Amino acid sequence: MDSRTQFTKTTVALHWIIAIAMIGSLAFGIYIEELPRGPEKIELIALHKSIGVLVLVVALYRLIWRIRNRMPEHLSPVAKWQEKVTTLVHFILLAGTLLMPTSGMLMSIGGGHSISVFGLELIAGGDKNELLGETGKIMHGLGGNVMIAAIALHVAASVKHHLLTKDGTLQRMLGRRVA
């Protein structure tokens, strides 16, 4: 169980796996979006979708883990407004790790495409559903922008805690024990 002074290896691993996967997926998605239509783009979209499904599975596990372990305590006093922003950003990040893959799947299914993980078909392709596809596309695009902003705020807050507050928040997320 997480404590005020140290997070479990599971908490730390889940945080960093999701962080790297989400940042990588967002960057990769932006890159893919700019490519011209063709076989290379189709292959990269399939890879992006496979990673997205895996992110969703890990994110679901992480959400269950977070609910069981509660949100971490602050290591230093924070103003009420900062606490509210922190709560909102953490909510956005947790929700985004679920909604980004889900919206991508909606977009794909709405386009009549299958959902596969590295070639293993999980959901067969079918008829196009423009409403579902467009809803997924809007959610995915807007969600990506919201996630980028939330990640930037999260990273900025981590740097602030490490360099200015010097309260051990970043050290704790690296798996170290803090006073």
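The values are calculated or read from the model by the stated rules, or taken from the named source; none is laboratory data. On a predicted model such as this, the values are computed, not experimentally measured, just so you know. Backbone-built Cβ (ideal geometry, glycine too); neighbour counts: all protein chains shown. Just the protein is used for accessible areas: all its heavy atoms, side chains included, with ligands, DNA and RNA removed. Shrake-Rupley method; radii C 1.70, N 1.55, O 1.52, S 1.80 Å.
Things to note:
- ALA157 of a type in the set (Gly, Ala, Ser) and more than 20 Å from ILE17 (Cα to Cα): no
- If you go through segment 45-56 and keep only what is hydrophobic (A, V, I, L, M, F, W, C) and closer than 16 Å to ALA95 by Cβ, you end up with VAL55, LEU56.
- The set of residues in segment 61-84 being farther than 16 Å from ALA19 by Cβ, open to solvent by 50 Å² or more (accessible area, probe 1.4 Å) and either touching a strand residue (DSSP E or B) at 6+ places or on another chain (Cβ under 6 Å) or not acidic (Asp, Glu) (or both) consists of ILE64, ILE67, ARG68, ARG70, MET71, HIS74, PRO77, LYS80, TRP81, GLN82, LYS84.
- Just so you know, in segment 28-43 the residues that are open to solvent by less than 60 Å² (accessible area, probe 1.4 Å) and among the hydrophobic types (A, V, I, L, M, F, W, C) include one that is farthest from PRO101 (Cα to Cα), and it is LEU35.
- Tally of residues being outside any helix (DSSP H, G or I) and not aliphatic (A, V, I, L, M) across segment 123-179: 11
- For segment 107-118, the tally of residues that are in contact with a helix residue (DSSP H, G or I) (Cβ under 8 Å, 6 or more places away or on another chain) and open to solvent by 50 Å² or more (accessible area, probe 1.4 Å) stands at 3.
- Residue list for segment 95-106, filter: hydrophobic (A, V, I, L, M, F, W, C) and more than 16 Å from ILE148 (Cβ to Cβ): LEU98, MET105, LEU106
- Residue pairs whose Cβ atoms lie under 8 Å apart, sitting 6 or more positions apart in sequence or on different chains, and linking a residue in segment 20-38 that is without any contact (Cβ under 8 Å) to a residue 40 or more places away in the chain to a partner that is outside any helix (DSSP H, G or I), do not occur here.
- LYS166 passes every criterion in (1) open to solvent by 80 Å² or more (accessible area, probe 1.4 Å); (2) in contact (Cβ under 8 Å) with a residue 60 or more places away in the chain apart from (2).
- Residues within segment 109-134 that are over 14 Å from GLU43 (Cα atoms) and touching a strand residue (DSSP E or B) at 6+ places or on another chain (Cβ under 9 Å), tallied: 6
- Wholly within segment 1-111, helices (runs of 4 or more DSSP H) carrying at least 3 residues that are over 26 Å from HIS162 (Cβ atoms) and polar (S, T, N, Q): 80-110
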